[in-house]
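The values are calculated or read from the model by the stated rules, or taken from the named source; none is laboratory data. Bear in mind that the values here come from a model prediction, so they are computed numbers and not experimental data. Virtual Cβ from ideal backbone geometry, glycine too; neighbours counted across all protein chains shown. The accessibility values were calculated without ligands, DNA or RNA, using every heavy atom of the protein model including side chains. Shrake-Rupley method; radii C 1.70, N 1.55, O 1.52, S 1.80 Å.
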Amino acid sequence: MTSNSEGRGNPIETHEQEPMDVRIDMPWGYVVGKWYGNRQVRPILALHGWLDNLGTWDKLLPLLPKHLGVLCIDLPGHGYSSKLPEGIAYHFVDYLCVILRVMEEYRWQKVSLMAHSMSAMLCFVFASLYPHRTDMLVSIDIVKTRYRKPPSQIDYLRKNIEGYIVEDERFANSKRQEPPAYTYTEMEQVLYKGTDYSVELENCRHILERNISRSTKFPAKFFFSRDGRCKYYTEFHTSPPFAAELARTIKNVPYCVIKGSESNYIDEQSDEVIGILRENNPHFELHEVQGTHHVHLNNAQGVAAVINPFILHHRPPHLENWTVDGTDETLPEVVKEFKLAVEDSENVKRRKRKSNL
């Protein structure tokens, strides 16, 4: 693990302070987030699900180990982060690049990831491409990327393109005309039903806070401020053989998956990938916790009970004083084991790029 001293960050501050607002410049604008907890060490990078934002972690964060820092960001088009320019469609690969750009901003050689839903798919691919740079992954209610049979995929692509064109026109018009406005109660119902009742009604406020803006025409009403074009982002489609090959590359990466008991996002289509991860990765864990697809928001206590021991094992407090890139022979046994399991120094040397990515 690396300390904040390897980055460009702000002066060291104690982790008892209020969350720090973060803005990271991107070629098209910026990504914003909040850095919670300890800012003396490299944080866990937390990524939200499709059409959500960093508010998805509100209930879980206070329950995590106190020695940690967690940097939660809004992905492009979500929350308060910049939207892509007019005429540009969102793509899965764009979000992969965001992870690398955040790492470059803070000069992290490795990253610890916590992800839900769409971002769990994202991090599955990221860890498969950069296993030597991923030192921990916690995924909520999705294991792998989606696969559709060819006729279904053709239909999906057609509808996705047509939906994007409509939303892009709305995006252009929104600069001149405010979108339809609703009362806050109505917004809660829209989100509640839109998530197929996955986000409990009382928890909708955590997502809505960064997804809506107050109407200038009707001060008592609100409209959705997230980018509607995100509804039609282009997924990273993987066939079963491709997904299996991706899974085979994720060796020795501490990887914890939590399934919501009432969700079907992890089903028999995930069995092959799960089997490969179990066979090839001694640090892979799969748990089921009572709850829906947003189990981390609705049942934060249950999720924390599973991931806290996992985090404490793979990111214990005394790791704050060392780096997995170090050669200190006095490292505690748990750190030595972690170092041997995760680090492949020759691969790191071969794959390092001049940009430090």
field: Accessible area of the stretch 150-232 divided out per residue, in Å², using a probe of 1.4 angstrom
entry: 62
- prompt: Based on the Cβ-Cβ distance of Asn308 and Thr185, what FRET efficiency does E = 1/(1 + (r/R0)^6) give at R0 = 35 Å, to the nearest 0.05?
  reply: 0.50
message: Here is the link list: Lys144/Lys231; Lys159/Lys251; Lys66/Lys193; Lys175/Lys221; Lys66/Lys144; Lys193/Lys221. Which ones come out longer than 25 Å on Cα distance?
response: Lys159/Lys251; Lys66/Lys193; Lys66/Lys144
field: the stretch 150-232, relative contact order [Cα under 8 Å, separation at least 6], %
entry: 36
- prompt: When ranked by the protection proxy of mean other Cβ atoms within 10 Å per residue, highest first, what sequence do the peptides 151-157, 272-278 form?
  reply: 272-278, 151-157
field: Gain in span if fully extended, Ala172 to Glu272, counting 0.36 nm per residue against the direct Cα distance
entry: 31.7 nm
task: Give me the percent of the accessible area of the stretch 150-232 that comes from carbon and sulfur atoms, probe 1.4 Å, all protein chains in place.
output: 54
query: Where does each of 251-261, 46-56, 282-292 land if you order them by average Cβ count within 10 Å, highest first?
result: 46-56, 251-261, 282-292
task: Could you state how much accessible area Arg214 has, in square angstrom rounded to the nearest 10, with a 1.4 Å probe and all protein chains kept in place?
output: 140
Total charge dipole magnitude, the stretch 150-232, about the Cα centre, Cβ charges on Lys, Arg, Asp, Glu only, Debye to nearest 20: 340
task: Any chance you could run the full-extension gain for Ser261 through Phe242? It's 0.36 nm times the residue separation minus the Cα-Cα distance, nm to one decimal.
output: 4.1 nm
